[in-house]
Amino acid sequence: MANIDKPMELSDEVLEEIKEGQQSAIEAVRKFADTVDKTLAGDDHPSGREEIVDSALKMADRLVATQYDFLSKVVHSAGESLGESSGEK
């Protein structure tokens, strides 16, 4: 019966990781949007454009890091789960 429960545990873990990844991505986009709003509300100086570009790059970096972390956790969890179900560990 324990082997039947492993896929459910893995599914729950994967869903939780997806949720956390989505929340991180939403937060990164929210921070970017806030930066754009603050920058465009003022005057149009080149430094404002640089701030927008820097924020976009930081947002992209956060999104990539979030995706990488998520996939690493999924692979790690799957490996642990499969190892346990095959008698390893």
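Which one is modelled with the highest pLDDT, of the residues in the range 34-69 that are in a helix (DSSP H, G or I), more than 25 Å from Glu20 (Cα to Cα) and small (Gly, Ala, Ser)?
Residue satisfying both the conditions and the ranking: Ser47.
Just to be sure before I move on: is Gly21 at pLDDT below 80 and surrounded by fewer than 13 Cβ atoms within 10 Å (Cβ to Cβ) in the structure I sent?
For Gly21, the condition - at pLDDT below 80 and surrounded by fewer than 13 Cβ atoms within 10 Å (Cβ to Cβ) - is not met.
Within the range 25-75, which residues are loosely packed, with under 12 Cβ neighbours inside 10 Å, within 27 Å of Leu15 (Cβ to Cβ) and not small (Gly, Ala, Ser)?
Scanning the range 25-75 gives Ile26, Arg30, Asp61, Val64, Tyr68, Val75.
The values are calculated or read from the model by the stated rules, or taken from the named source; none is laboratory data. Note that the structure is predicted; figures quoted are calculated from it, not measured. Quick reminder, even Gly has a Cβ in these numbers, built from the backbone with ideal geometry, and neighbours come from all protein chains shown.
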